[in-house]
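The values are calculated or read from the model by the stated rules, or taken from the named source; none is laboratory data. The structure presented is a predicted model; accordingly, all values stated were derived computationally and were not measured. All Cβ positions, even for glycine, are placed from backbone atoms using ideal geometry, and neighbour counts span all protein chains on display. Protein only, heavy atoms only, side chains kept; ligands, DNA and RNA dropped before computing areas. Shrake-Rupley method; radii C 1.70, N 1.55, O 1.52, S 1.80 Å.
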Amino acid sequence: MPQELSADALVQKIALLEEELAKSREAEARLQKTLKNYALLFENSEDYILVSDHEAKPVMWNSAYARII
């Protein structure tokens, strides 16, 4: 049977959960910024970039590569 928490313990647990949630949101925001930067770098590179899967099948390429095919 679950143990009941005192009001103070419950408030403390809620505060910890809010802190974890804030950290998670900050990490998600940093990840999205990083992904956006990589996408800009990938698409705006003048170098040919081709990404293939484990079977050597092309799965994505940038516009510089698309111009040569």
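In degrees between 0 and 90, to the nearest 10, how far off the longest principal axis of the chain does helix 7-44 point, with axes built from Cα atoms? Compared with the principal axis, the helix lies near 10 degrees.
Between LEU10 and ILE68, the contour length at 0.36 nm per residue exceeds the Cα-Cα span by 14.7 nm.
Just to confirm, what accessible area per residue do you get for the chain at 1.4 Å probe, in whole Å²?
On the way: 6470 Å² over 69 residues.
That works out to 94 Å² per residue.
The 3J(HN,Hα) values that the Karplus relation (6.51, -1.76, 1.60; θ = phi - 60°) gives for segment 54-63 are, in residue order, 5, 9, 6, 8, x, 10, 6, 8, 8, 5 Hz. Gly and Pro appear as x.
Identify the GluC sites (Glu not before Pro) of segment 1-61 meeting these criteria: DSSP loop state and at most 13 other C-beta atoms within 10 Å of the C-beta. For GluC sites (Glu not before Pro) across segment 1-61 that sit outside H, G, I, E and B with at most 13 neighbouring Cβ atoms in 10 Å, the list reads GLU4, GLU46, GLU55.
Share of carbon and sulfur in the accessible area of the chain stands at 58%, probe radius 1.4 Å. Relative contact order of the chain: 19 percent, from C-alpha pairs under 8 Å at least 6 residues apart in sequence.
Calculated mean residue ellipticity at 222 nm for the chain: -22000 deg cm²/dmol, from DSSP H runs with n ≥ 4 weighted as -39500 (n - 2.57), summed, divided by the residue count and rounded to 500. Cross-link partners for LYS23 among the lysines, with Cα-Cα distance under 22 Å and sequence neighbours closer than 8 places in the same chain left out: LYS13, LYS33, LYS36.
Among the protein heavy atoms, those of VAL51 account for about 50 Å² of accessible surface (1.4 Å probe, every chain in place).
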